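Have a look at the structure below, then the notes.
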């Protein structure tokens with residue numbers, strides 16, 4: 001379902017541009033509009049419908065579920081990653097009029113990404129690993145890494161986000 005929703009969302013722009021899509025298994029092309037309709041036709045017998053969400057909405061939702069402030073966090077992470085002015089302003093030192101790396105802030109931004117990856121991985125492992133011993137190994141390794149990570153990270157935002 002997640003893949004179908006992402007595929008459905010990915011074809012929003014091609015649909016607007018009247019792009020033709022190669023129809024797998026047939027020697028023909030169909031419009032992106034038709035392709036998107038076909039996605040929902042495949043899902044309909046199961047009582048499902050593709051949602052109009054993309055990677056940004058999925059990431060924001062995941063951050064929101066984990067930290068309760070997803071839109072704000074995603075915006076900050078995205079702006080920092082893409083070098084947008086207001087985010088890079090967090091690294092501007094007014095005294096020297098130069099950019100100065102705030103190591104603590106960099107570590108905190110990395111922590112959001114790492115913790116989110118761990119959260120998603122926990123769910124994937126539980127859903128896809130059929131043998132309990134495999135799940136147990138994952139939990140043991142993850143716990144050890146989190147303990148090591150916790151020894152270098154003192155997040156300033158725990159009171160407001162966590």
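Coordinate-derived values only; no laboratory data. In this text the structure is predicted, and so the values were computed from the model without any measurement. Here Cβ is always computed from backbone atoms with ideal geometry, including for glycine, and neighbour counts include all displayed protein chains.
With the simple model of a label 7 Å out from the Cα in the direction of the Cβ, residue 99 to residue 57 spans 3.3 nm.
Here the range 2-46 has an Rg and Dmax of 10.5, 30 Å, counting Cα atoms alone.
Please report the relative contact order for the range 56-152, taking Cα pairs under 8 Å with a sequence separation of at least 6, and give it as a percent rounded to a whole number. Contact order relative to length: 14 percent. Subtracting the Cα-Cα distance of residue 68 and residue 117 from their residue separation scaled by 0.36 nm leaves 16.0 nm.
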